[in-house]
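Q: Shown below is the structure under consideration.
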Amino acid sequence: MTQDQENTAEEIIQLHKEKDGTVTSDQLHKFIGFEKSNQSIIIMTALEELGIIEYMGSHRYRSRLTEYGWRFPGFTENRQSEKESFDKDNLIKELTIKQLKGNIFQLKYWWLLLLISGLIGFISGNFELIQEWLTIILE
């Protein structure tokens, strides 16, 4: 929606709040005016798709605010909170990837692990020889 349509939509939401959440199409057209009646159809459809309003009955003569519509902060605030949420999600993904790359799969002292593993392998493979060396050295 354009900025002008968003402003009109916020006015429509406010009208619903002033009328205890329910507005007829006649009240809506009187409020908006004849010159914006085509725009009101677009705006009301967008508000319905966003879950802010719902129509009562099959003829779409009367509309009412949903629970979300009563709590809707406005388009600017809503866009800002969505941006903050998107930024937080991106930061979490970025940090998780860094942790996976840096801390979990990479060992800082891989060479020490290799050296200890080789030393243990040598000792276990040549235990009798090492035992003879120790007896010679200690005698």
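Q: With no solvent and one equal point scatterer per Cα, compute the Debye intensity ratio I(q)/I(0) for the chain at 0.15, 0.18 Å⁻¹ and report its log10, rounded to two decimals.
A: Treating every Cα as an identical point scatterer, log10 I(q)/I(0) equals -0.82, -1.00.
Q: Pulled fully out, how much extra length does the chain show between Y68 and S25, if you take 0.36 nm times their separation in residues and subtract their Cα-Cα distance?
A: Full extension from Y68 to S25 adds 13.4 nm.
Q: Once you wrap a convex hull around the alpha carbon atoms of segment 2-78, what is its projected area averaged over all directions, in nm²?
A: Values: hull surface 19.0 nm².
Its Cα hull, projected and averaged over all orientations, spans 4.7 nm².
Q: Here's another thing I want to ask about it. What's the local net charge at T24, with K and R +1, D and E -1, over the other residues with C-beta under 13 Å away?
A: Counting the neighbours of T24, the net charge comes to +3.
Q: Add -39500 (n - 2.57) for each DSSP H run of 4 or more in the chain, then divide by its residues: what number comes out at 222 nm, to the nearest 500 deg cm²/dmol?
A: -22000 deg cm²/dmol
Q: Does anyone have the angle between helix 75-99 and the longest principal axis of the chain? Alpha-carbon axes, 0 to 90°, nearest 10?
A: For 75-99 against the chain, the angle is about 10 degrees.
Q: Within the chain, which is the longest segment that contains none of the chymotrypsin sites (Phe, Trp or Tyr not before Pro) sitting in a DSSP loop with at most 10 other Cβ atoms within 10 Å? Working shown, then result.
A: Values: sites that count: F105, Y109.
Result, exposed sites excluded: 1-104.
Q: Can you give the angle from 0 to 90° between the axis of helix 110-125 and the longest principal axis of the chain, with both taken from C-alpha atoms, to the nearest 10?
A: Between helix and principal axis, roughly 40 degrees.
Coordinate-derived values only; no laboratory data. Treat the numbers as computed from the prediction; the structure is a model and nothing was measured. Cβ coordinates were reconstructed from backbone atoms using ideal geometry, including for glycine residues, and neighbour counts include every protein chain displayed.
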